[in-house]
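All remarks here apply to the structure that follows.
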Amino acid sequence: QVQLVESGGGLVQPGGSLRLSCAASGNIFRVYGMGWYRQAPGKQRELVAYITRGSSTNYADSVKGRFTISRDNAKNTVSLQMNSLKPEDTAVYYCSGDVATTSSGRAATYWGQGTQVTVSS
């Protein structure tokens, strides 16, 4: 089994910053891409940022220049630094990881349980 556990959500005022972290653990051979997604009430889950094992990154247009994704391959962790937060960033944020559990197996996508981020004055 593979578990992803997020931390760092909370309430912040507009213009503020938060840092989300996610750690993968369990029966892991290798973690490939890792990402952050979010889901606001009444909306579909959307990609926020994605980072490959080689640290190539991809961002949603709505967060470019404000959010930064990073990872530590040795610790199987991924982080999301969120600056200049806006009320429209309010959502549950989910961590994802594409994880191979054996050297010959295909990677499967695992998800964290989500962490709430609320941007409000």
| So how many residues does segment 31-41 have that are at pLDDT 95 or above and surrounded by fewer than 17 Cβ atoms within 10 Å (Cβ to Cβ)? | 3
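For every residue, the table says whether it meets (1) free of Cβ contacts under 8 Å to residues at least 12 places away in the same chain; (2) surrounded by 14 or more Cβ atoms within 10 Å (Cβ to Cβ).
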site: 9; (1), (2): no, yes
site: 13; (1), (2): no, no
site: 21; (1), (2): no, yes
site: 25; (1), (2): no, no
site: 28; (1), (2): no, yes
site: 44; (1), (2): yes, no
site: 50; (1), (2): no, yes
site: 53; (1), (2): no, no
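The values are calculated or read from the model by the stated rules, or taken from the named source; none is laboratory data. Keep in mind it's a predicted model, so treat the numbers as computed, not measured. Ideal geometry is used to build each Cβ from the backbone, glycine not excepted, and the neighbour counts take in all protein chains shown.
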